[in-house]
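All remarks here apply to the structure that follows.
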Number of protein chains: 2
Amino acid sequence: MTYCLGILLPEGLVLASDSRTNAGVDQIATVRKLSILEDPDKAVIALLSAGNLATTQTVVTTLKQAAGTGTPERDLFLHNSMFDVAQTVGGLLRRILERDGQYVEKFGDPNGTFLLAGQIRGEPPRLFQIYSPGNFVEATPRNNYLQIGEMKYGKPILDRALRFDCSLARAAKLALVSFDATIRSNLSVGPPIDILCYETDSFSTRNLMKYKNNDPYFIDLRARYSEGIQAAVDGIPEPRLCPDG
Amino acid sequence: MTYCLGILLPEGLVLASDSRTNAGVDQIATVRKLSILEDPDKAVIALLSAGNLATTQTVVTTLKQAAGTGTPERDLFLHNSMFDVAQTVGGLLRRILERDGQYVEKFGDPNGTFLLAGQIRGEPPRLFQIYSPGNFVEATPRNNYLQIGEMKYGKPILDRALRFDCSLARAAKLALVSFDATIRSNLSVGPPIDILCYETDSFSTRNLMKYKNNDPYFIDLRARYSEGIQAAVDGIPEPRLCPDG
């Protein structure tokens, strides 16, 4: 499996993905699931992928090859809106599944999903989730994060602590806690974690970070959070057993 | 969906279940998913159920009707070991699915799963997970909790904080935190939460508790844990953006 998380904030976007891919437990590899297309000073477009790796890689590679070539329905830099980019990505995913799906199905699930996020000059940053059928939904201030893949373990911390008005750095910290929870509880999600903290109107990917397991900041974050959880649990009185006795 | 949790400890067992059952989002009801069969001073046997409610209710009701009647392959009180109880429950589940499954499949998933836990005099308390095919696994000190249903949201807190040597009351507290995380993140799991804290060799169900949403202890637990999580997050320094800049 995979875990990818996108967070929409006034300050920008936090986009994070793990790096584990596996076919069964005996074929495990490290793959980057966060891809970025940049049109300097005009557009930063990121794709985070989950599901069948052949399917999602085909979509991403096709889009990378077409970027800047002017090819209709493929060159994402032709668009003036992330909504149109989402339609193009969804349409390409749909066509690739129409072409390959029937052959792949006999061997496994051909489906793939994406988080699509970024900014095109003239718009604020936007965040979308693209489903296998090619349709998609967009994040809003009220529902400002989207997840794909193995998402349930890392959801409670976001539901408790993430707010729309928090800073990029705080959201990145919460994203790392969310990934730590997932990695501890599920073998199919693993480091390194790629995180892009995109600052609104920067049109830059300078805040692209990679956290390996032995990264000193990530080690410190995990230790402090574990201690904090222990303290939180210790701070709750224990329930009285035998309430009627 | 449903969330049920069983924890095995030297001091006994903590068994917890939510009460929500639903067919779609517009047909929601409250059902008790924790059933107990008692043979005074000899056996306490608990069943927690997830999956198709018609299937699991048929199993539980059949077993309740047969308890103490001496009916072979149905009367759980005939057994001197929880392992044999697990085989009887698994066998009955298998036969009911063989009988009903083909008719139900056209309308939805007929499958059901159980946590089975309890103590029979002469043995320590034991905890099992029974799958739809009727086979089962047993919890051990190294792997001392089992979950069925909507289990992923509530797993990280257990992986972080639950230890085999913790007290019954502390395990009950962690179970409530695990349920709170699940209820916050998933509409299909809801209160009241039934919890049985079974004390080893007590052969009693005196510690059977029900936590509604407005229970003062549960309200206090949720508030303190949320504050503790905020403090844990606040206690982590924020990552430095632009690491190369």
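We did not get these values from a lab; they are worked out from the coordinates using the rules stated. Predicted model, so just to flag it, every value in this text is computed and none were measured. Heads up, the Cβs are rebuilt from the backbone with ideal geometry, glycines too, and the neighbour counts pull from every protein chain shown.
In terms of surrounding Cβ atoms within a 10 Å radius of their Cβ, B:Tyr211, A:Tyr103 rank from fewest to most as A:Tyr103, B:Tyr211. Expressed per residue, the C-alpha convex hull volume of the protein assembly as shown stands at 159 Å³. When each of B:Thr88, B:Thr56 is scored by the number of other beta-carbon atoms lying within 10 Å, the sequence from fewest to most is B:Thr88, B:Thr56.
Pick from B:Leu221, B:Leu176, B:Leu63: which residue has the top mean-square fluctuation in a GNM of chain B where Cα pairs under 10 Å get a spring? Of B:Leu221, B:Leu176, B:Leu63, the Gaussian network model singles out B:Leu221 as fluctuating most.
Filter the cross-link list A:Lys33/A:Lys212; B:Lys64/B:Lys155; A:Lys64/A:Lys106; A:Lys212/B:Lys173 down to pairs whose alpha-carbon distance in this structure exceeds 26 Å. Over 26 Å apart, Cα to Cα: B:Lys64/B:Lys155; A:Lys64/A:Lys106; A:Lys212/B:Lys173. Each of A:Gly122, A:Val44, A:Gly112 was scored by the projection of its Cα onto the charge dipole of the range A:3-234, and the greatest displacement toward the positive side belongs to A:Gly112; charges sit on the C-beta of Lys, Arg, Asp and Glu.
Considering only alpha-carbon pairs that sit under 8 angstrom and 6 or more positions apart, the relative contact order computed for the range A:9-86 is 17 percent. Inter-copy label distances at A:Thr61, using a point 7 Å along Cα-to-Cβ, come to 5.7 nm with the shortest given first.
Placing unit charges on each Cβ (+1 for Lys and Arg, -1 for Asp and Glu) gives chain A a dipole about its Cα centre, and among A:Ser226, A:Pro192, A:Ser178 the Cα reaching farthest toward its positive end belongs to A:Pro192. Across chain A, the relative contact order, built from alpha-carbon pairs under 8 Å that are at least six residues apart, equals 26 percent. With springs connecting C-alpha atoms under 10 Å apart, model chain B as a Gaussian network and identify which of B:Gly101, B:Gly12, B:Gly154 has the largest mean-square fluctuation. Taking springs between Cα atoms under 10 Å, the residue moving most is B:Gly101. Other residues with beta-carbon under 10 Å from the beta-carbon of B:Leu47 carry, at +1 per Lys or Arg and -1 per Asp or Glu, a net charge of +2.
Take every pair of alpha-carbon atoms less than 8 Å apart whose residues are at least six positions apart; their mean separation over the length of the range B:117-229 yields a relative contact order of 19 percent.
Each of B:Glu150, A:Glu238 was scored by other Cβ atoms within 10 Å of its Cβ. Arranged with the fewest first, they read A:Glu238, B:Glu150. Tally Lys/Arg at +1 and Asp/Glu at -1 over every other residue whose Cβ is under 13 Å from the Cβ of A:Tyr217; what's the total? In short, +2. The GNM of chain B, with springs linking C-alpha atoms under 10 angstrom apart, assigns the highest mean-square fluctuation among B:Asp215, B:Asp100, B:Asp234 to B:Asp234. Counted by Cβ distance under 14 Å from B:Glu123, the other residues give a net charge of -1, where Lys and Arg count +1 and Asp and Glu count -1. Take the Cα radius of gyration of the range B:137-226 and divide it by 2.2 N^0.38 Å, N being the number of residues; the result is 1.10.
Subtracting the Cα-Cα distance of A:Ala54 and A:Asp201 from 0.36 nm times their residue separation leaves 49.6 nm of extension gain.
Distance from the axis that maps chain A onto chain B is least for the Cβ of the chain A residue given, with the whole Å value, as A:Lys152, 2. Each copy carries a label point for A:Val104 at 7 Å from Cα toward Cβ; from one copy, the others' points are 3.4 nm away, ordered from shortest. Scaled against 2.2 N^0.38 Å for its residue count N, the alpha carbon radius of gyration of chain B is 1.09.
Against the main long axis of the alpha-carbon atoms of chain A, helix A:168-185 sits at an angle near 70°.
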